[in-house]
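The values are calculated or read from the model by the stated rules, or taken from the named source; none is laboratory data. Here the structure is a predicted model, which is why all the values come from computation and not from measurement. Here Cβ is always computed from backbone atoms with ideal geometry, including for glycine, and neighbour counts include all displayed protein chains. Surface accessibility is based on the protein's heavy atoms, side chains included, excluding ligands, DNA and RNA. Shrake-Rupley method; radii C 1.70, N 1.55, O 1.52, S 1.80 Å.
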Amino acid sequence: MTPPAARGARTLPEFPWDTLAPYAATARAHPDGIVDLSIGTPVDPTPELLREALAAASNAPGYPQTYGTPALREAVAGWFARRRGVPDVDPDGVLPTIGSKELVAWLPTLLDLAPGDLVVHPEVAYPSYDLGARLAGATPVPADGTVQVGPSARSMKLVWLNSPSNPTGQVLGWEHLAKVVAWARSHGAVVASDECYAELGWTSAEVPSILDPRVTGGSHEGLLAVYSLSKQSNLAGYRAAFAAGDPVLVRRLLEVRKHAGMMMPWPVQEALRVALGDDAHVVAQKARYRARRELARAALEHADFTIEHSEAGLYLWATRGEPCWDTVAWLAARGVLVAPGAFYGAAGGQHVRVALTATDERIDELGRRLLQA
Ligand SMILES: Cc1ncc(COP(=O)(O)O)c(C=O)c1O
């Protein structure tokens with residue numbers, strides 16, 4: 001293994017996807033082609049309505065507003081009220097972001113975190129929470145409970161939550177969220193909740209936001225919900241996302257982002273605004289993913305996989321009770337590529353993450369291969 005790349009005081013981890021390359025080569029050699037379920041990148045077309053909104057705004061000679069247009073910020077507040085059970089988002093507390101990954105990676109820096117500060121994030125997690133802490137020179141702390149953090153909570157400046165989770169699909173209930181908020185507030189830490197799979201719940205259980213009144217006690221102080229339209233609207237290529245919550249916090253971020261030129265292009269702001277007002281395309285996309293999920297789940301279970309959590313989001317969190325690289329190799333031999341759970345933390349060492357972002361034809365092919373296993 002190559003040593004981590006040093007960047008001054010910071011240490012960045014190795015880019016993990018490179019280590020999957022030999023398994024990708026094996027899977028690609030399958031006579032009927034690879035079924036690539038490794039990276040969760042959408043494959044269905046961007047809805048016509050959103051492409052039209054982008055095109056209609058293509059005359060954009062002037063600079064866009066870093067803060068986003070007032071109409072966009074109103075649309076975000078309206079979406080929270082309509083879709084997330086959050087009636088009190090203040091449009092002043094809304095900030096468009098250029099996809100949500102950049103915010104995840106830069107939030108600790110934008111908040112001025114420094115060496116010695118702690119950033120708590122889920123134990124099995126999307127790797128960018130860890131990376132963002134390192135970029136700021138702060139210390140990432142993987143922990144799922146307050147007890148795990150213990151007395152070091154004194155140095156905690158930021159707590160990341162991710163519900164529904166990538167990779168596990170676990171959803172946190174409002175009582176759990178409320179407990180984390182109370183704990184973080186008692187230490188003066190910000191809570192940022194990455195909720196980008198919130199529209200993709202597969203059970204009757206609700207998917208509460210960190211801004212839910214039952215969680216916040218009526219105040220958004222110190223809280224940010226982070227959301228993205230990449231997955232729900234097939235807009236990953238547009239980079240259309242936002243954060244919402246505490247207006248004071250948003251103004252702090254806005255100040256730095258204005259200086260740094262971190263602004264969403266105006267045509268994308270318009271496509272995002274239109275997308276937030278249209279539920280029909282999200283319902284249609286969700287139906288496609290539901291069908292793929294059911295088929296993929298049945299195929300994996302037939303091949304003796306156990307599916308854990310996965311109650312929401314775009315992944316099946318699967319295990320055969322063996323080291324994840326053995327499972328990756330077993331599937332690659334059948335032309336199927338998945339992500340090893342170890343990419344998301346040591347606690348994922350016996351799981352693989354199976355993305356549902358493949359065409360119907362490729363998911364049918366997965367079914368054919370595993371039903372013969
Ligand atoms: C948990 C989580 N957060 C953030 C992102 C980034 O999404 P985007 O930058 O496309 O908004 C992803 C993408 O897969 C994700 O899984």
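Could we say that GLY62 is of a type outside the set (Val, Ile, Thr), surrounded by fewer than 22 Cβ atoms within 10 Å (Cβ to Cβ) and under 18 Å from the mean Cα position of the chain (by Cα) here? Against the criterion (of a type outside the set (Val, Ile, Thr), surrounded by fewer than 22 Cβ atoms within 10 Å (Cβ to Cβ) and under 18 Å from the mean Cα position of the chain (by Cα)), GLY62 does not qualify. Within the range 208-221, the set of residues being among the charged types (D, E, K, R) and either within 16 Å of the ligand (Cβ to nearest atom) or in a loop (DSSP other than H, G, I, E, B) (or both) comprises ASP212, GLU221.
So that you can scan it fast, the table gives a plain yes or no per residue for (1) farther than 26 Å from GLY348 by Cα; (2) open to solvent by 20 Å² or more (accessible area, probe 1.4 Å):
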position	(1), (2)
GLY169	no, no
GLY201	no, no
GLU206	no, yes
ASP212	yes, no
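When you scan the range 339-350, do you find a residue that is crowded, with 24+ Cβ neighbours inside 10 Å, under 20 Å from the mean Cα position of the chain (by Cα) and not in a helix (DSSP H, G or I), even just one? Yes. Select from the range 235-254 the residues that are open to solvent by less than 40 Å² (accessible area, probe 1.4 Å), more than 16 Å from the ligand (Cβ to nearest atom) and either part of a loop (DSSP other than H, G, I, E, B) or basic (Lys, Arg) (or both) and list them in ascending order. The one that is open to solvent by less than 40 Å² (accessible area, probe 1.4 Å), more than 16 Å from the ligand (Cβ to nearest atom) and either part of a loop (DSSP other than H, G, I, E, B) or basic (Lys, Arg) (or both): ASP246.
For the range 221-268, the set of residues classified as charged (D, E, K, R), farther than 19 Å from GLU48 by Cα and touching a strand residue (DSSP E or B) at 6+ places or on another chain (Cβ under 7 Å) consists of ASP246 only.
Taking the criterion of being near the ligand (Cβ under 8 Å from one of its atoms) and under 16 Å from ALA275 (Cα atoms), the residues of the range 222-234 that qualify are SER228, LEU229, SER230, LYS231. In the condition set (1) in a loop (DSSP other than H, G, I, E, B); (2) within 16 Å of the ligand (Cβ to nearest atom), GLY188 is compliant with all but (2).
In this structure, THR109 does satisfy being open to solvent by 30 Å² or more (accessible area, probe 1.4 Å), within 30 Å of ARG273 (Cα to Cα) and more than 14 Å from the ligand (Cβ to nearest atom). Looking at LEU118, LEU95, just one residue is open to solvent by less than 70 Å² (accessible area, probe 1.4 Å), farther than 30 Å from HIS351 by Cβ, touching a helix residue (DSSP H, G or I) at 6+ places or on another chain (Cβ under 8 Å) and in contact (Cβ under 8 Å) with a residue 24 or more places away in the chain, and that residue is LEU95.
Restricting the range 80-106 to residues that are in a loop (DSSP other than H, G, I, E, B) and out of contact with any Ser or Thr (no Cβ under 6 Å at 6 or more places or on another chain) leaves a set whose member that is nearest to the ligand (Cβ to nearest atom) is GLY99. Among the residues of this structure, SER204 counts as one that is without any contact (Cβ under 8 Å) to a residue 12 or more places away in the chain, within 23 Å of ALA355 (Cα to Cα) and more than 15 Å from the ligand (Cβ to nearest atom).
Within the range 263-272, being touching a Lys or Arg at 6+ places or on another chain (Cβ under 9 Å) and open to solvent by 10 Å² or more (accessible area, probe 1.4 Å) holds for MET263, PRO265, VAL268.
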